[in-house]
Amino acid sequence: MSSIYATRKAWMKKITRLVPLFLGLSVINVASLCLSTTQKAEALTASDWVGTWICNNDGQPPVQVRFWLHYDSVIGQIGDNSWAVIQRPYDPSIDPPTDRKDHVLPLSVQSNQTQWFLAIHTWDQRYASGFSKWNGSVYGMSCTRQ
């Protein structure tokens, strides 16, 4: 019986020595996480959207979208259909509220007056998510830079 008590006592002594170490590390990790999430992501410009993207719109087959700059605005073409997309001004009556308008790309598809709203992912700028709005209905979409 005394050997079990001695073993428990030895383990408790070891554990109580390690607890402050673990607590200290977890406090440091939480503090660094809080500091890193309060930093703002780098501002984007229209040229950050330039390139070829593969976009999925509400479960439809993926389409290739090419974006390029025309003066300071983004314009593009959807697939091989020559459907033009033109950057439009941010519109609070259509678009979700955001304080970071440099990370979003409001677009208008000229052929059918569909409104697109894409937000580039700040943690990985190869991805953008958003929605399209057509005929009063909203459809989710996501895009991957090629």
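A compact table of results
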read-out	value
Selection status of Asp99, modelled with pLDDT under 85, within 19 Å of the chain's Cα centre (by Cα) and either of a type in the set (S, T, N, Q) or within 22 Å of Leu44 (Cβ to Cβ) (or both)	yes
Residue list for the range 86-117, restricted to those being surrounded by 17 or more Cβ atoms within 10 Å (Cβ to Cβ) and touching a residue at least 40 places away in the same chain (Cβ under 8 Å)	Gln87, His103, Leu105
Where Thr122 falls short, out of the listed (1) among the polar types (S, T, N, Q); (2) surrounded by fewer than 20 Cβ atoms within 10 Å (Cβ to Cβ); (3) more than 9 Å from the chain's Cα centre (by Cα)	(3)
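The values are calculated or read from the model by the stated rules, or taken from the named source; none is laboratory data. None of these values were measured; they are calculated from a predicted model. Glycine gets a Cβ as well: all are built from the backbone with ideal geometry, and neighbour counts include every protein chain shown.
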